[in-house]
Ligand SMILES: Nc1nc2c(ncn2[C@@H]2O[C@H](COP(=O)(O)OP(=O)(O)OP(=O)(O)O)[C@@H](O)[C@H]2O)c(=O)[nH]1
Ligand SMILES: [Mg+2]
Ligand SMILES: [Zn+2]
């Protein structure tokens, strides 16, 4: 029998079947082969043992989910305030895995329409939604994004990922955490990855939030290709231009003309520095 892994806790795997999910253990051989079943995997199951992992379409590492169709990057507009450097790094990580990012800015009830418009312009080269899980109406446009597939929700702790899945499913499937009073940060309420079947072949993966920036290791020359807006400007003098100190650079020209967002570019340079300092080890 084949099924999809919905969650894994301490070596137990919940595999979806027609009736109830079955709790399975992976066969011992996987470890020797360096294979690890992952949430989202389609697996072959026999006698409560996972005996085979079917070929994966892709594997997102942070959060660790297999066969992802789109990544919903969930950031709150306030409480906690969005960290755009973390968002930009996350966009890069997702694109690096060949997965399309969809930006979901939550808690629109906590900011002004002007603030929303600024962020709307900043990220105009990505599909993006502004929602509040407290306002079901605001979810309507977003629901149309959900064609059949596996969607992973990723973002900082306290952004409202679990709240979103609860609001979309109409059920209290996940525990929602309070924010710490002082720093208005999330408290890492969700502890493991879990796929929820929403109906109509749509799966949503709730994942634990994070607070720190993690950038997938890559060559410094690779980074620029994960900035879709850089691909639209005039060509640079050098093919391998990093859009940093080089003369006659299409990106810097576009910036000086106000055609690109300054803060996206600054964050690009920060991520470039991160990759450079990693290389020096
Ligand atoms: N004002 C407001 N608060 C919200 C909204 N959505 C969620 N919250 C609150 O934000 C807090 C965090 O929500 P969660 O859904 O637990 O956030 P999470 O992203 O799942 O956090 P982790 O599981 O820690 O990663 C809770 O107190 C929610 O009630 C919203 O649209 N507006
Ligand atoms: Mg959560
Ligand atoms: Zn350039």
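A few comments on the model shown:
- The long axis of helix 113-122 is offset from the longest Cα principal axis of the chain by roughly 80 degrees.
- Spatial separation of Cα centroids for region 199-263 and region 85-113, in angstrom: 13
- Figure legend: label point modelled 7 angstrom from the Cα of residue 31 along Cα→Cβ; residues of region 42-56 with amide N under 17 Å from it are 49-52.
- Taking every Cα-Cα distance in region 223-279 and sorting them into 5 Å bins starting at zero, the pair-distance distribution P(r) comes out as 4, 20, 31, 28, 12, 4, 1 percent.
- Taken along the Cα-to-beta-carbon direction at a fixed 7 Å, the label points for residue 213 and residue 185 span 1.6 nm.
- 0 to 90° range, to nearest 10: angle between helix 262-279 axis and the chain longest Cα axis: 70
- Relative contact order (%) - criterion: Cα under 8 Å, at least six apart; region: the chain: 15
- Angle between the chain longest axis and helix 84-96 axis [Cα atoms, degrees, rounded to 10]: 60
- Per residue, the convex hull spanned by the Cα atoms of the chain amounts to 159 cubic angstrom.
- Each peptide in 146-159, 184-197, 89-102 receives the mean, over its residues, of other Cβ atoms within 10 Å, and ordering these scores from highest gives 146-159, 89-102, 184-197.
- Ranked packing of 215-223, 18-26, 267-275, most packed first, by mean Cβ within 10 Å: 267-275, 215-223, 18-26
Readers should treat all values here as calculations from the given coordinates under stated rules, not as data from a laboratory. The model shown is predicted, which means the values in this text are computed figures rather than measured ones. All Cβ positions, even for glycine, are placed from backbone atoms using ideal geometry, and neighbour counts span all protein chains on display.
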